[in-house]
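Engineer: Following this message is one structure expressed as structure tokens.
The values are calculated or read from the model by the stated rules, or taken from the named source; none is laboratory data. Please read all numbers here as calculations on a predicted model, not as lab measurements. Neighbour counts run over all protein chains shown; Cβ positions are idealised from the backbone, glycine included. Note: areas computed on protein heavy atoms with side chains; ligands, DNA, RNA excluded. Shrake-Rupley method; radii C 1.70, N 1.55, O 1.52, S 1.80 Å.
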Number of protein chains: 2
Amino acid sequence: MQLFFYQYELQLKHQFTLSSSSRKSTPAVMTEITHEGVTGYGEASMPPYLNENYETAIKFLSKINLSQFKDPFLTEDILEYFDSIDKGNFAVKASVDIALHDLIGKLTALPLYKMWGLNKFNAPNTSFTIGIDTPDIIKQKIDEASSFKILKIKLGSENDKKIIETIREITDVPICVDVNQGWNNKDFALDMINWLSDKNILFVEQPLPKELMKESAWLKEKSPLPIIADEAVQTSSDILKIRDLYHGINIKLMKCGGLRTAREMIYLAKELGLKVMIGCMTETSCAVSAAAQLSPLCHWADLDGNLLIKNDLFDGMKIIDGKITLNDLPGIGIEKKFIS
Amino acid sequence: MQLFFYQYELQLKHQFTLSSSSRKSTPAVMTEITHEGVTGYGEASMPPYLNENYETAIKFLSKINLSQFKDPFLTEDILEYFDSIDKGNFAVKASVDIALHDLIGKLTALPLYKMWGLNKFNAPNTSFTIGIDTPDIIKQKIDEASSFKILKIKLGSENDKKIIETIREITDVPICVDVNQGWNNKDFALDMINWLSDKNILFVEQPLPKELMKESAWLKEKSPLPIIADEAVQTSSDILKIRDLYHGINIKLMKCGGLRTAREMIYLAKELGLKVMIGCMTETSCAVSAAAQLSPLCHWADLDGNLLIKNDLFDGMKIIDGKITLNDLPGIGIEKKFIS
């Protein structure tokens, strides 16, 4: 087996504003693992708040020696080897985890969802994310998103109510609210959630800073809407810590280190009675299609990252009438685009 | 897909005595799932304490309509359908779960351990079980078991110390002690465990009745040896209940309903910091070889059930120098024997 990788800057269609930051591009590293002429593709998308970047990713990938593994099917051994190289580095670990899974799928001529026994027709609708913006831009973005059955709205600014009211003037489509830790006290958060509760909101993601654990437990108890953990959950061990603080979790490959861990997290969370959402960063169709393979196991999905960039490198999972639609290609189900 | 099944009585080589019962045979039901000319094999072994029998198994299997599923790869849907037919019935559910997994492996031409990314060389040694008996018979059985690197000794009778002393006169091989809930108070259990603690004992399985939860938590805290749950753990939800009462769990396909649940239980238990042992009932090489596919994920294995019967129907996983040795056959790795 051999590993190749290169830097790639993901160009965003719209400037992307959260409660904490704003940016026009996201650094990514693309990986390829080749075995006997077959290539699996992977990707690390590294938004700044993950504390990974080109330098850390290249440093990590440079330490990998895949020639020691003769059999790519030894995924447990190989993925444990990746884990052993360094702590953290979850996005870049996800990139090699995805590439390895893509390779295995191609070597067995099976889509991953099929290797995992999943029914692709059980894949959920995805939400489409609208960043924090002026009412006019929000209106324009919602027009562009008219084929989606669920919108994800970023709140956590001064204008939260105005944003929701603006959207509700245009559409009644169900909304997921994502606060990205932007409401910093529990009473304000509960007031907001109560205000949102009759506005066809599916859930509220990470309303409080993740450190406010007691307040989050209080909010879970009082909230009329499900509260989903995002920043508060990175890997499996976090699920046990937050099970009494949230109603569900948002799993992202770039946060948890890849498909293997994500899959384990889904089963663990469901066993604990938590709802599961699968999300993404701004990513090409590579990482988004990888995550989509797991989506039939999830209650909700927010897999629109590839739609937010201008320079996708792959064709893969499609959103058709708002629904995640998996193809029958082996592995993660992608083909490289020929870009002129 | 089509399902076939038949009754089969497993004839034991030796009368088998636990702290609670004694018997010479075990009822089993053998299953086969066929799809486009390929057949997957499964088995339900039903020792009396599981509360399943020919009648319940046949009743359950008669309700299954597999013709509704055109694609055997939809294992999540199919296994959920099996679960939906009736509560309980874990052994017979395991029989169809095993047959389905065997079928999928054969359709993809991959051993299950390979589909699951496991390294077959990580499979552990198995213990070999010695039932409660007279010192002379025990000596004879230990002679027969000389190729095993670990013995499993059933305790819970009047003669516990005598049994261990008899064995220790003959061999220093590491021993797993299985009490099958046979010590009924915590102080006696702790005294026994303290007495055992300098006798090269790996762990003590189910020393107290599973209902004694407080006492089990107390015992876990005091015990110099790891305490493993067997009767106290059936499926995933039990693991969460007993995580503070035991150091580890014994997973058996017949208890939990098959390979899918067993695999989830292994990951869940390890995530919770519990040790994992994979065990079996008296079974043919069918169910034992199925469990063996998961053994590379486990700390300990007790997969000797096929060696305890006279009328095995299959060739499968072998024990070589005490170690579980998986072959490269697809699925659960078995071939039907031609018995005259």
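Engineer: Filter B:LYS24/B:LYS199; B:LYS214/B:LYS270; B:LYS141/B:LYS222; A:LYS154/A:LYS214; A:LYS24/A:LYS255 down to the pairs with a C-alpha to C-alpha distance above 27 Å, please.
Structural biologist: Numbers: B:LYS24/B:LYS199 31 Å; B:LYS214/B:LYS270 23 Å; B:LYS141/B:LYS222 33 Å; A:LYS154/A:LYS214 24 Å; A:LYS24/A:LYS255 21 Å.
Over 27 Å apart, Cα to Cα: B:LYS24/B:LYS199; B:LYS141/B:LYS222.
Engineer: Give a quick list of GluC sites (Glu not before Pro) in the stretch A:114-214 that DSSP marks as loop, anything other than H, G, I, E or B, with at most 13 other Cβ atoms within 10 Å. Could the numbers behind the result be given before it?
Structural biologist: Working: sites: A:GLU144, A:GLU158, A:GLU165, A:GLU169, A:GLU205, A:GLU211; in loops: A:GLU158, A:GLU211.
Those that pass, being in a loop and sparsely packed, are A:GLU158, A:GLU211.
Engineer: Measure nothing but the geometry: give the 0 to 90° angle between the long axis through the Cα atoms of B:259-271 and the longest principal axis through the Cα atoms of chain B, rounded to 10°.
Structural biologist: For B:259-271 against chain B, the angle is about 40 degrees.
Engineer: When a/c reaches 1.5 or more, the comparison of a/b and b/c decides; with that in mind, is the stretch B:1-127 rounded, prolate or oblate per its Cα gyration tensor? The partial results should precede the final answer.
Structural biologist: Details: a/c = 2.10, a/b = 1.27, b/c = 1.65.
Cα axes put the stretch B:1-127 in the oblate bin.
Engineer: Another one. Looking at chain B as a GNM with Cα springs under 10 Å, which of B:LYS220, B:LYS139, B:LYS241 has the largest mean-square fluctuation?
Structural biologist: Largest GNM mean-square fluctuation: B:LYS241.
Engineer: Give me the accessible area per residue for the stretch B:1-87, probe 1.4 Å, as a whole number in Å². Don't jump to the answer; show the numbers that get you there.
Structural biologist: Working: 4220 Å² over 87 residues.
Value returned for the stretch B:1-87: 49 Å² of accessible area per residue.
Engineer: Straight-line reach from A:LYS59: which aspartates and glutamates fall under 13 Å, measuring Cα to Cα and dropping same-chain residues less than 8 apart?
Structural biologist: Hits, sequence-local ones excluded: A:ASP86.
Engineer: Now for a separate question. Just going by the charge dipole of chain B, with Lys and Arg at +1 and Asp and Glu at -1 on Cβ, which of B:SER197, B:GLN68, B:ALA94 is farthest out on the positive end?
Structural biologist: B:SER197
Engineer: Report, in deg cm²/dmol and to the nearest 500, the calculated mean residue ellipticity at 222 nm for chain A, where each DSSP H run with n ≥ 4 adds -39500 (n - 2.57) and the sum is divided by the residue count.
Structural biologist: Details: 12 runs with 119 residues, N = 340.
Roughly -10000 deg cm²/dmol at 222 nm, from the helical runs in chain A.
Engineer: Just to confirm the number: angle between the C-alpha axis of helix B:135-144 and the first principal axis of chain B, 0 to 90 degrees, nearest 10?
Structural biologist: Between helix and principal axis, roughly 50 degrees.
Engineer: On to the next question. Hey, quick one: spin label on A:ASP244, modelled 7 Å out along Cα-Cβ, who in the stretch B:235-273 has an amide N within reach, i.e. under 17 Å?
Structural biologist: Inside the label zone: B:240-245.
Engineer: Nothing charged except the Cβ atoms of Lys and Arg (+1) and of Asp and Glu (-1): what's the magnitude of the dipole of the stretch B:123-250 about its Cα centre? Round to the nearest 20 debye.
Structural biologist: Details: 16 positive and 21 negative charges, 57 e Å.
The calculated dipole for the stretch B:123-250 is roughly 280 debye.
Engineer: Let me ask something additional. Which of the residues in the stretch B:113-143 show a loss of at least 40 Å² in accessible area from their chain by itself to the complete set of protein chains, at a probe of 1.4 Å?
Structural biologist: Hits at the 40 Å² cut-off: B:LYS114, B:MET115, B:GLY117, B:ASN119.
Engineer: Pull up all non-local amide H partners of B:ILE309: gap of 5 or more, or a different chain, and H-to-H distance under 5 Å with H placed in the peptide plane.
Structural biologist: Placed amide hydrogens put B:LYS13 under 5 Å from B:ILE309.
Engineer: Let me ask another. With both partners inside the protein assembly as shown, how many of the DSSP beta bridges are antiparallel, as a percent to the nearest 5? Working shown, then result.
Structural biologist: Values: 54 of 104 bridges.
Of those bridges, close to 50 percent are antiparallel.
Engineer: Residue-wise, which Karplus ³J(HN,Hα) couplings in Hz belong to the stretch B:67-81, taking 6.51 cos²θ - 1.76 cosθ + 1.60, θ = phi - 60°, and x for glycine or proline?
Structural biologist: 5, 6, 9, 8, 10, x, 6, 7, 4, 4, 5, 5, 5, 5, 4
Engineer: Which distances, in nm and shortest first, link the A:ILE58 label point to the same label point in every other copy, taking 7 Å along Cα→Cβ?
Structural biologist: A:ILE58 label point versus its equivalents elsewhere: 7.2 nm.
Engineer: With point charges of +1 on the Cβ of Lys and Arg and -1 on the Cβ of Asp and Glu, referenced to the Cα centre of chain B, which listed residue (B:GLY331, B:LEU272, B:LEU103) lies farthest in the positive direction of the dipole?
Structural biologist: Highest projection toward the positive end goes to B:LEU272.
Engineer: Run the dipole for chain A about the Cα centre, Lys and Arg Cβ at +1, Asp and Glu Cβ at -1, nothing else charged, and hand back the magnitude in debye, nearest 20. List each step's numbers first, then the result.
Structural biologist: Working: 38 positive and 45 negative charges, 39 e Å.
For this selection, approximately 180 debye.
Engineer: Rank A:LEU294, A:TYR54, A:TYR6 by how far each Cα sits towards the positive end of the charge dipole of chain A (+1 on Lys, Arg Cβ; -1 on Asp, Glu Cβ) and give me just the farthest.
Structural biologist: A:LEU294
Engineer: Using the Cα gyration tensor of the stretch A:219-290, with a ≥ b ≥ c the square roots of its eigenvalues, what is the shape: rounded (a/c below 1.5), prolate (a/b larger than b/c) or oblate (neither)?
Structural biologist: Numbers: a/c = 2.34, a/b = 1.68, b/c = 1.40.
Note, shape of the stretch A:219-290 comes out prolate.
Engineer: Something else: Please build a GNM for chain A, connecting alpha carbons under 10 Å apart, and tell me which residue among A:LYS87, A:LYS154, A:LYS210 fluctuates the most.
Structural biologist: A:LYS87
Engineer: With springs only between Cα atoms under 10 Å, which of A:SER216, A:SER236, A:SER22 fluctuates most in a Gaussian network model of chain A?
Structural biologist: Of A:SER216, A:SER236, A:SER22, the most mobile in the Gaussian network model is A:SER22.
Engineer: Now for a separate question. Take the eigenvalues of the Cα gyration tensor for the protein assembly as shown, scale each by 5, and report the square roots as semi-axes in whole Å, largest first. Show your work: numbers first, answer last.
Structural biologist: On the way: eigenvalues 473, 153, 111 Å².
With the √(5λ) rule applied to the protein assembly as shown, the semi-axes are 49, 28, 24 Å.
Engineer: Normalise the Cα radius of gyration of the stretch B:221-340 by 2.2 N^0.38 Å (N = residues in it) and let me know the number. Show your work: numbers first, answer last.
Structural biologist: Details: Rg = 15.0 Å, N = 120, 2.2 N^0.38 = 13.6 Å.
With N residues counted in the stretch B:221-340, Rg over 2.2 N^0.38 Å equals 1.11.
Engineer: Please enumerate, by chain and number, the aspartates and glutamates with C-alpha under 18 Å from the C-alpha of B:LYS161, excluding those fewer than 8 residues away in the same chain.
Structural biologist: Filter leaves B:ASP133, B:ASP136, B:GLU169, B:ASP172, B:ASP178, B:ASP187, B:ASP191, B:ASP198, B:GLU205.
Engineer: Hey, got the dipole for the protein assembly as shown? About the Cα centre, +1 on K and R Cβ, -1 on D and E Cβ, debye to the nearest 20? Walk me through the numbers before you get to the answer.
Structural biologist: On the way: 76 positive and 90 negative charges, 7 e Å.
Magnitude of the dipole: close to 40 debye.
Engineer: Also: Using all alpha carbons of the stretch B:99-173, what is the percent of pairwise distances in each 5 Å bin, ordered from the shortest bin to the longest?
Structural biologist: 3, 14, 20, 14, 8, 8, 9, 10, 10, 4, 1
Engineer: Determine the residues within the stretch B:35-76 where the difference in accessible area between the chain on its own and the full set of protein chains amounts to at least 20 Å²; count protein heavy atoms only and use a 1.4 Å probe.
Structural biologist: Output list: B:PHE73, B:LEU74, B:GLU76.
Engineer: Mind listing the label-point distances from A:GLU165 to the same position on all other copies, shortest first, one decimal in nm, points 7 Å along Cα→Cβ?
Structural biologist: A:GLU165 label point versus its equivalents elsewhere: 8.7 nm.
Engineer: Quick one: go through the stretch B:286-310 and flag any residue whose amide nitrogen is under 20 Å from the point 7 Å out along the Cα-to-Cβ line of B:THR235.
Structural biologist: What the label zone holds, given the 20 Å backbone N cut-off, is B:291.
Engineer: Which pairs break 29 Å Cα to Cα here: B:LYS93/B:LYS241; A:LYS93/B:LYS241; A:LYS252/A:LYS336; A:LYS241/B:LYS275? Don't skip to the answer; put the middle values down first.
Structural biologist: Working: B:LYS93/B:LYS241 23 Å; A:LYS93/B:LYS241 33 Å; A:LYS252/A:LYS336 23 Å; A:LYS241/B:LYS275 20 Å.
Where the Cα-Cα span goes over 29 Å, the pairs concerned are A:LYS93/B:LYS241.
Engineer: Pairs of alpha-carbon atoms within less than 8 angstrom and 6+ residues apart define the contacts here; what relative contact order does the stretch A:168-239 have, in percent?
Structural biologist: Values: 102 pairs, mean separation 25.4, N = 72.
Relative contact order here is 35 percent.
Engineer: Measuring from a point 7 Å out along Cα→Cβ, what nm distances, shortest first, does A:ALA109 have to its partners in the other copies?
Structural biologist: For A:ALA109, the other copies' label points sit at 0.7 nm, shortest first.
Engineer: While we're here: In the protein assembly as shown, carbon and sulfur make up what percent of the accessible area (probe 1.4 Å)? Could you put the intermediate results ahead of the total?
Structural biologist: Working: 12660 of 26190 Å².
Its accessible area is 48 percent carbon and sulfur atoms.
Engineer: Is the stretch A:46-184 rounded, prolate or oblate when judged by the Cα gyration tensor, a ≥ b ≥ c being the square roots of its eigenvalues, rounded requiring a/c under 1.5 and prolate requiring a/b larger than b/c?
Structural biologist: In terms of gyration-tensor shape, oblate.
Engineer: Of A:LYS13/A:LYS63; A:LYS63/B:LYS114; A:LYS106/A:LYS310; B:LYS152/B:LYS318, which pairs sit farther than 23 Å apart, going by alpha carbon to alpha carbon? Walk me through the numbers on the way to the answer.
Structural biologist: Numbers: A:LYS13/A:LYS63 34 Å; A:LYS63/B:LYS114 26 Å; A:LYS106/A:LYS310 27 Å; B:LYS152/B:LYS318 18 Å.
Violating the 23 Å limit, Cα to Cα: A:LYS13/A:LYS63; A:LYS63/B:LYS114; A:LYS106/A:LYS310.
Engineer: Another question, then. Find the sum over both chains of the accessible area lost when B and A are paired, probe 1.4 Å, and report it in Å² to the nearest 100.
Structural biologist: Numbers: alone 14160 and 14130 Å², together 26190 Å².
Protein heavy atoms only, the B-A interface buries about 2100 Å².
Engineer: Which whole-Hz ³J(HN,Hα) couplings does the stretch A:147-158 yield from phi under the Karplus relation 6.51 cos²θ - 1.76 cosθ + 1.60, θ = phi - 60°, glycine and proline marked x?
Structural biologist: 7, 8, 8, 9, 10, 10, 10, 7, 10, x, 10, 5
Engineer: Let me ask you something else. For the stretch B:156-254, with every protein chain kept in place, what is the accessible area per residue (1.4 Å probe, Å²)?
Structural biologist: Values: 4160 Å² over 99 residues.
I get 42 Å² per residue for the stretch B:156-254.
Engineer: Continuing with this model, one more query. With viscosity set to 0.890 mPa s at 25 °C, what whole-number translational diffusion coefficient in µm²/s follows for chain B from Stokes-Einstein and a Kirkwood radius over Cα pairs? Write out the running numbers ahead of the final one.
Structural biologist: On the way: Rh = 20.1 Å.
Rounded, D is 122 µm²/s.
Engineer: Next up: Any idea what angle helix A:285-294 forms with the longest principal axis of chain A, computed on alpha-carbon atoms, 0 to 90 degrees, nearest 10?
Structural biologist: 80
Engineer: Based on the alpha carbons, how large is the Rg to Rh ratio for the stretch B:129-237 when Rh follows Kirkwood?
Structural biologist: Numbers: Rg = 13.8 Å, Rh = 14.2 Å.
Reported Rg/Rh, Kirkwood definition of Rh: 0.97.
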